[in-house]
1. Run through the stretch 58-131 and list the GluC sites (Glu not before Pro) located in a DSSP loop whose Cβ has at most 16 other Cβ atoms within 10 Å.
2. Go through 390-397, 495-502, 253-260 and give me the packing order, highest mean Cβ count within 10 Å leading.
3. Could you compute Rg(Cα) / (2.2 N^0.38 Å) for the stretch 221-262, with N its residue count?
4. Sort 24-31, 93-100 for me by packing, meaning the mean count of neighbouring Cβ atoms within 10 Å per residue, highest on top.
5. Taking a threshold of 26 Å on the Cα-Cα distance, which of the pairs 31/136; 167/444; 340/500; 154/212; 31/154 fall above it?
6. If you average the C-alpha positions of the stretch 256-291 and of the stretch 30-84 separately, how far apart do those two centres end up, in angstrom?
7. If you plug each phi of the stretch 73-89 into the Karplus form 6.51 cos²θ - 1.76 cosθ + 1.60 with θ = phi - 60°, what whole-Hz ³J(HN,Hα) values come out, in order, with x for Gly and Pro?
8. Scattering from the C-alpha atoms of the stretch 19-151 alone, worked out with Debye: what is log10 I(q)/I(0) at q = 0.10, 0.17, 0.18, 0.19 1/Å?
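The values are calculated or read from the model by the stated rules, or taken from the named source; none is laboratory data. Note that the structure is a prediction, hence the values are computed from the model and not measured. Here Cβ is always computed from backbone atoms with ideal geometry, including for glycine, and neighbour counts include all displayed protein chains. With ligands, DNA and RNA removed, areas are computed over all heavy atoms of the protein, side chains included. Shrake-Rupley method; radii C 1.70, N 1.55, O 1.52, S 1.80 Å.
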Amino acid sequence: MSSIHCAHPPCQSVNPLENALCEVCGFPLVKRYLWAVGDWIRAFQVGELLEERYLLESPNVLLDTLPAQLPLGLEEIPPRIIPYLKLFPLRLHIPLVYSFLASPDPEMDLDVWLLEYGVLPLDDQGKPQYPQLFPKLADVWGEASPLRQLIWLKQMVQLWRPLQSQKVVSGLLDPALVRVNGPNIQLLELPLDSHHYHKITELMAVWSDLLKIAHPAIAAFCRELGEKLEKGKIPHADYLLRVLEGAIAELAQNYDCQYQIMTATDTGPRREHNEDACYPPMGELKEGNQPQETLTIICDGIGGQDAGEIASQLATEDLPQRLTPLLEQSSNLLPQDWGKGIKQAIWETNDVICDRNDQENRTERDRMGTTLVMSLARHHELYFANVGDSRLYWITATSCQQMTVDDDLVSREVRLGYELYRNAQHFSHSGSLTQALGIMPSEKIQPSIERVLLEGNGVFLLCSDGLSDLDRIEQYWQTELQPILTGEFDLPTACDRLIKLANEKNGHDNVTIALIRYQVSPSTDEITPLSLTEIEARIPKFRNPEILTEVPSEDSPRILTEADIDTEPGSEELPEENSPASPARQPPFWQWGLLCLATMIFLGYTVSQWFNKTPEPAPIATPDINITPPPPSELPSPVTNPSDIPPPIPVSYTHLRAHETKANL
């Protein structure tokens, strides 16, 4: 009979596969299903245990029966895997590379790559609800509301440029690979492009059948949009994105939005005082749908003695004041205005803490700082930002997804294409932060600011690492968060249960949480059909395409390149003594050979042109033609030569005792 080991490190007991909880320690069994990419996987039969670890549950679907053990790593990341790492900030839509099954013949390229997706929709027996992990977009399209259908289209357009920059846009053009995970588009895998000339019109390979059966409220709009896209009358992805943004904004006027907010904080069983802070104050249930009513902040202080407590309190008191001018003019702001305004407010709060450090002559480890995760809602939109490793999770009836990317060494190693995520987690000092509020001047702080569009019912959880450590959210979301959506728990009850969970299952740190429940539902049974002509008429002239690059990073996610290194969080070392440096990465020998060959060809061509130079003909007169080029890519092209990227930043500022305690768990 098949079995699985407990993922709790001190336990790791063997359990029957059908169990939900470990028979020895009572922790939930982690059932991590993986998608296998590679032809060699077809050589195995369902039910086989591969490498004494991976159980082949169904074609291409494997279960890791030893989830507490470190997966097989790589000495050198192959080019085909680099796009997954570079696109790490897009993991809401893109899988992570978990590990691989080595080729049985070293002379043949038969490696099988194993991809993971976070939380999957599972049935009552803990098995995937869908044979290929997620439903195809085409299979759930007809059941979706008109607002959800437009949001899915917009998400696909947002993915176009980052995928194109990594030469993996083909995954977006294959209907078999475009899946749905809860409210979001999920790509099953990222095949490499066979050429680099893909055009936005190719989206019709996936959209054509969908647009024909769109909801009646958007059917005419979708039909017109499809015709223009197919005929090449949509100039580029940015224009298409603006059209969909306009359609979503107009359609959302037919929806009501309500939010409930509750916060809670606790010192924890092993700490003497609480260095966390939250806004609004603990125990106050707030309701509303305006930004002023929905602002939520969680901070986790770091520093010696009581310094962390001071920094977190300063942040939760100062940031709401800095945001007040932005919130008061919210009805007149565009998404890019929100992104700029939130970033500026965070920078100003950072300077308040930084100045306090300077006034008190705090240096090195004595400088106080704090992590930050915050959110605010405007009708059907939620904006959120983070600095450090405090997190935001999005929970719906069928999914639980981490929305923020931690500012730590693990994320940096992955985003630079140096290491697989699970392997990087086991590095020494892997939880060390690369940035936090108050430690350095604002020009060296880069908050991640994002925006999501909402429809239906759901919950957002903001929390410090006292709760999120050791994957507790992923393990307990179905018992502690999903009942909020069914009405079994109200927010005060859910907060109490989460605090208790953190103290009992972790307990090494302070814990602070905020719960935001939202309901976005139609306000009328009859929605006025959308018109593409009218929406296009209201779109401002596309004279400044760069404006879209300021939209929060759901629209333009950050992918590390050579240009980013000097300004990327962590490019200046945060204070910590005896920080071990990561080993320098040297380019492989073949790249030096290619460079020498290219240099010789260039010199030969230059010399031949010199000896065969002919007089340059006079220019031919041509009429003036005013051609407006398409906007530049939202993201710079990634660095393909590892020698262009400096070694990763040495270990920076840690959560001091908190992170030292986690390392020993």
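1. Numbers: sites: 75, 76, 107, 116; in loops: 75, 76, 107.
Sparse-neighbourhood loop GluC sites (Glu not before Pro): 75, 76, 107.
2. Values: 390-397: 21.8, 495-502: 19.5, 253-260: 17.1.
Ranked by mean Cβ neighbours within 10 Å, highest first: 390-397, 495-502, 253-260.
3. Numbers: Rg = 14.8 Å, N = 42, 2.2 N^0.38 = 9.1 Å.
Against the empirical 2.2 N^0.38 Å value, I get 1.62 for the stretch 221-262.
4. The most tightly packed comes first, giving 93-100, 24-31.
5. Working: 31/136 22 Å; 167/444 31 Å; 340/500 37 Å; 154/212 17 Å; 31/154 32 Å.
Long pairs (Cα-Cα over 26 Å): 167/444; 340/500; 31/154.
6. 40 Å
7. Running phi through 6.51 cos²θ - 1.76 cosθ + 1.60 with θ = phi - 60° gives x, 10, 6, 9, 6, x, x, 5, 9, 3, x, 4, 6, 4, 8, 3, x Hz.
8. Cα-only, vacuum Debye calculation for the stretch 19-151: -0.40, -1.06, -1.15, -1.24.
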